[in-house]
Amino acid sequence: MRLSPDQMIFWQHGFLKLNGTIVFTWGLMLVLAVGSKLITRKLSTDLKRSRWQNLLEIIVTGIEKQIEDVGLRHPERYIGFLGTLFLFVALAALCTIIPGYEPPTASLSTTAALALCVFVAVPLFGIEEDGLGGYLKSYMEPTVIMLPFNIISELSRTLALAVRLFGNMMSGAMIIGILLTITPFLFPIVMTALGLLTGMVQAYIFSILAAVYIAAATRTRKPRPAPVPKT
Amino acid sequence: MTLIAVASIVTGGLTTSLGCMCPALGEGRAVATALTSLAQQPDASATITRTLFVGLAMIESTAIYCFVVSMILIFANPFWNHVIAQATGK
C-alpha cells in the first residue's frame, strides 16, 4: 500500500533518489513558469487580447480581491507569495486527472515545506510592517503571561497547515487506491472527482489561512485592534 | 506479538470512528448557523461563505489528525515492524 509519492522511485544513484514527489513538483513548476512566460510575452491593454491573458487576469484579480477581503490593505505586496501558494496547490490537485500522476502535496515533505514557508513569511511581513521591536512586542499582546501561548499557537498552526493539506491529499489518493481493488469501474471515478473538489477547496483554504495569519501579524495595533480571527 | 496487533487494530478502529463522528457533529452545527445567518443577511453571503469554509477546514483538520493516526497504526506501525524484524531475525 503506497502511502505517498515518496515511494515511487524513478532513478537512484547511491543515496540520491529521484522520487515521484520531486519529479512531479518539477513538472508543476515547469508548467506554471513556462506557461506564464509564454502568456505574458505580449501583453495588450486594449480590448483585443488573447484568451490566455484573460484567464490570467481573471485569476490575478480574483486572488487580489480575496486578499483584500481578508483585511490586507495592499494586496499587491502579498499576492506574489499567496498567489503562488494557491496556484501551486491548486494545480497539484487539478492534475490528478492525468493518469499515472500522484499529487506531490500527498507527501508530508511538500506540505511541511509549504507550511514552513508560511511560518517564515508571517514574521517577515510583520517586521516589514511594524519593525522588529513592534513585531516582537505583539507576542505579549494582551498581557505578558500570554507570551508562551502565543509562541505555541504559532508553532501549532504551522503544524496544522502542513498536516491538514497532507491528510486531505493523501486520503484522496488512498481511497482511490483502495476502491480500485474492490470495485474497479464506477466508484474510483466518482472518488477522483471528489478528490478534485477537496483538492481545490484545500488550496483555497491554505492560501486564505496564510493570508489571515499575515493579516493578524500586520494589522495596526495602536488605535483599535481590528477583529481578525486568531487560531 | 498478537497483543500488539490486537491493540493496534482496536485503537485504529476507535480512532477512526471517533474522528468521523465528532467533527461531523461540529460541522453540522457550523453549517446550520451559517445557513441561518445567510437567510437573515443574504448580501453578506461572500463573507459568510468564506468564513464558513475556513471554519469547516479548521474542524476538518481534527478529523484528518485522527485519520493520519489510524493510517500510521495500520500501515506504518513501528511496534509491529519492530516485532516482525525481531521474529524474522531470530
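The condition (being at pLDDT below 85 and either buried (at least 17 other Cβ atoms within 10 Å of the Cβ) or assigned to a helix (DSSP H, G or I) (or both)) is satisfied by just one residue among A:LEU180, A:LEU165, A:LEU161: A:LEU180.
All of A:ALA115, A:ALA90 fail the test of being modelled with pLDDT of 90 or more, within 30 Å of A:PRO188 (Cβ to Cβ) and either touching a Ser or Thr at 6+ places or on another chain (Cβ under 7 Å) or of a type outside the set (A, V, I, L, M) (or both), apart from A:ALA115. It is to be established whether one or more residues within segment A:44-54 are in contact (Cβ under 8 Å) with a residue 40 or more places away in the chain and not basic (Lys, Arg). Looking through segment A:44-54, none of the residues is in contact (Cβ under 8 Å) with a residue 40 or more places away in the chain and not basic (Lys, Arg).
Say whether the condition of being at the interface with another protein chain (Cβ under 10 Å from one of its Cβ atoms) and not polar (S, T, N, Q) is met by at least one residue in segment A:174-187. Explain how you work it out, then say what you get.
First pass over segment A:174-187, keeping only residues at the interface with another protein chain (Cβ under 10 Å from one of its Cβ atoms): A:174.
With not polar (S, T, N, Q) added as a condition, the list becomes A:174.
Yes, segment A:174-187 contains a residue that is at the interface with another protein chain (Cβ under 10 Å from one of its Cβ atoms) and not polar (S, T, N, Q).
Can you tell which of A:GLU64, A:GLU76 is closer than 26 Å to A:LEU116 by Cα and surrounded by 14 or more Cβ atoms within 10 Å (Cβ to Cβ)? If you could, list the steps in order and put the result at the bottom.
Numbers: A:GLU76 fails: surrounded by 14 or more Cβ atoms within 10 Å (Cβ to Cβ).
From the options A:GLU64, A:GLU76, the qualifying one is A:GLU64.
Which ones in segment A:190-222 are of a type in the set (Ser, Thr, Tyr) and in a helix (DSSP H, G or I)? A:THR192, A:THR198, A:TYR204, A:SER207, A:TYR213, A:THR218, listed by residue number.
Could you identify the single residue in A:ALA113, A:ALA162 that is closer than 30 Å to B:PHE75 by Cβ and free of Cβ contacts under 8 Å to residues at least 12 places away in the same chain?
Details: A:ALA162 fails: free of Cβ contacts under 8 Å to residues at least 12 places away in the same chain.
Going through A:ALA113, A:ALA162 in turn, the sole match is A:ALA113.
The values are calculated or read from the model by the stated rules, or taken from the named source; none is laboratory data. Remember, it's a predicted structure, so these values are computed and weren't measured experimentally. Ideal geometry is used to build each Cβ from the backbone, glycine not excepted, and the neighbour counts take in all protein chains shown.
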